Amino acid sequence: MAATARIIDFLRDRRPEGPCLVVDLEVIADNYKAFTRAMPDTRIFYAVKANPAPEVLKLLADLGSCFDTASVAEIEMALAAGATPERISYGNTIKKERDVARAHQLGISMFAVDCVEEAEKVSRAAPGARVFCRILTDGAGAEWPLSRKFGCDPDMATEVLLHAHALGLKAYGISFHVGSQQTRLGAWDSALAEAKSIFDSLAGHGITLSMVNLGGGFPTKYLKPVPGTATYANAIHDGLAKHFGNAIPETIIEPGRGMVGNAGVIKTEVVLISKKHANDNQRWVYLDIGKFGGLAETMDEAIRYPITTARDGDAKTPCVIAGPTCDSADVLYEKTPYDLPVTLSVGDEVLIEATGAYTTTYASVAFNGFTPLQAYII
Ligand SMILES: *Cc1c(COP(=O)(O)O)cnc(C)c1O
């Protein structure tokens, strides 16, 4: 997604100093509406960590969104944006018991767990709350997979929910996350098959689960085209119908990247262009933003952002792109260099597109004295 006219106008008129993210709220509103149109029976819990700017949360709260949060601070941000506690889930499977207690005091009544130990914490600190159990997925097809850190084996989920029920909690449902920037439409199908078998085994114990939390994973268009929201919705709907037949449960989704990724553009500036030896035909282009300034998802070159300059009509040459800090890990793209204009010069402005998600939240506080990424929400 290229920068919108509103973003281009803002940068031209305001000329903000230093690297900055500019987010167009109209794009987020369109994304929200596309999700609700494509999945009218599914509640949307925006994953706050993707971009927690107060203006973004307020817009989504006003549009009717619910919120997936991972800490007391995120819960407080969602409440401040106008969401009521019933519209907020505490979706982190790793919580301090006193944070669960604080969330419970604030009125939050839905929590994620992935083991009996966490269910025990929730039963003590938020008695009677609803819990959903997160199951592992393999993350295949995701450009930013989530590994084995979250979720339990589906066979264990039955045990976790039975234990939660015995502790007086409401065994409410199953959740999974197919991996972020998931480009494989079939990724939800196998997870839904697992979810159904857990529904069945709980039913065998007289417990009726109500909800499947389909997680995030909805993509943003970076360099390669991705299917649209409606295509994802159809694939998910087919999976639900195939596995749950005419007893489709309540569903929720937790889009982060797919809600805000294409709404933002980072403006950055070329600090230095150099070569490593006299005959080197590869240029090193150093920008005033890098891995520690908000572009952490370039780790292993996982997310490849579209990069544009005012000289894109000129001939291009392969360039390594690096950040400005004194850490040698602060190289954005080297294994697969980017073609940038041969005329690109020090001081030129460079736009890094589709950077609305997972950038401000990943910026370090002041590594080498560089200030955290500035954001303008318009
Ligand atoms: C980060 C996160 C999301 C958002 O994932 P995206 O791939 O950005 O949509 C959703 N749910 C949970 C539990 C998360 O941790």
* Asked: If ALA78 satisfies every condition in (1) of a type outside the set (Lys, Arg); (2) outside any strand (DSSP E or B); (3) surrounded by fewer than 24 Cβ atoms within 10 Å (Cβ to Cβ) but one, which is the exception?
  -> (3)
* Asked: Do you know which residues across region 342-363 are over 18 Å from the mean Cα position of the chain (by Cα) and assigned to a loop (DSSP other than H, G, I, E, B)?
  -> VAL342, THR343, LEU344, SER345, VAL346, GLY347, ASP348
* Would you mind stating whether GLY186 is within 16 Å of the ligand (Cβ to nearest atom) and touching a residue at least 12 places away in the same chain (Cβ under 8 Å)? => no
* Asked: Regarding ALA142, is this residue in the same structural domain as ILE108 (by TED's automatic domain parsing) and over 30 Å from ILE303 (Cβ atoms)?
  -> no
* To do: Could you look through region 104-152, keep only residues that are free of Cβ contacts under 8 Å to residues at least 24 places away in the same chain and on the phi > 0 side of the Ramachandran plot, and pick out the one that is surrounded by the most Cβ atoms within 10 Å (Cβ to Cβ)?
  => GLY107
* Structure fact -> From the option list ARG283, ARG257, single residue qualifying as among the basic types (Lys, Arg) and within 16 Å of the ligand (Cβ to nearest atom) is ARG257
* To do: Tell me which residues, restricted to region 253-310, are of a type in the set (Asp, Glu) and either surrounded by 23 or more Cβ atoms within 10 Å (Cβ to Cβ) or in contact (Cβ under 8 Å) with a residue 12 or more places away in the chain (or both).
  => GLU254, GLU269, ASP288, GLU297, GLU301
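So how many residues does region 77-103 have that are out of contact with any strand residue (DSSP E or B) (no Cβ under 9 Å at 6 or more places or on another chain) and over 26 Å from ARG148 (Cα atoms)? Step through it out loud before you land on a result.
Taking region 77-103 first, the residues out of contact with any strand residue (DSSP E or B) (no Cβ under 9 Å at 6 or more places or on another chain) are 80, 82, 84-85, 94, 96-98, 101-102.
Now narrow it down to the ones that are over 26 Å from ARG148 (Cα atoms): 80, 82, 84-85, 101-102.
The number of residues fulfilling the criteria is 6.
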* Under 6 Å between Cβ atoms, at least 6 apart or on separate chains: pull out the pairs that start in region 40-59 with a residue that is among the β-branched types (Val, Ile, Thr) and within 16 Å of the ligand (Cβ to nearest atom) and end on any residue that is outside any helix (DSSP H, G or I) and at pLDDT 95 or above. => THR42/THR251; THR42/ILE253; ILE44/SER65; ILE44/ILE253; VAL48/PHE67; VAL48/THR69
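Kindly evaluate VAL100 against the criterion of being touching a Lys or Arg at 6+ places or on another chain (Cβ under 7 Å) and assigned by TED's automatic domain parsing to the domain that holds GLU194. Full working, then the answer.
Numbers: touching a Lys or Arg at 6+ places or on another chain (Cβ under 7 Å): yes; assigned by TED's automatic domain parsing to the domain that holds GLU194: yes.
Yes; evaluated as a whole, the condition is true for this residue.
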* To do: For region 143-152, indicate whether the set of residues that are more than 12 Å from the ligand (Cβ to nearest atom) and touching a strand residue (DSSP E or B) at 6+ places or on another chain (Cβ under 6 Å) is non-empty.
  => no
* What are the residue pairs meeting all of these: first residue in region 69-88, first residue at positive phi, second residue at pLDDT 95 or above, Cβ atoms under 6 Å, and 6 or more apart or on different chains? -> GLY82/ALA61
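Out of all the residues in region 30-53, which are assigned to a loop (DSSP other than H, G, I, E, B) and within 20 Å of SER364 (Cα to Cα)?
Of all residues in region 30-53, those assigned to a loop (DSSP other than H, G, I, E, B) come to 39-41, 51-53.
Residues satisfying the conditions are ASN51, PRO52, ALA53.
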* Looking at VAL56, VAL22, VAL27, which is the one that is crowded, with 18+ Cβ neighbours inside 10 Å, outside any helix (DSSP H, G or I), among the aliphatic types (A, V, I, L, M) and outside the structural domain of ILE289 (by TED's automatic domain parsing)? -> VAL22
* Structure fact -> Scanning region 101-121 residue by residue, those outside any strand (DSSP E or B) and either within 16 Å of the ligand (Cβ to nearest atom) or closer than 17 Å to ILE135 by Cβ (or both) turn out to be ALA103, ILE108, ASP114, CYS115, VAL116, GLU117, GLU118, ALA119
* **Sole residue being closer than 25 Å to TYR222 by Cβ and not charged (D, E, K, R), chosen from SER147, SER123** => SER147
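The values are calculated or read from the model by the stated rules, or taken from the named source; none is laboratory data. These numbers come from a predicted model, not from an experiment. Neighbour counts run over all protein chains shown; Cβ positions are idealised from the backbone, glycine included.
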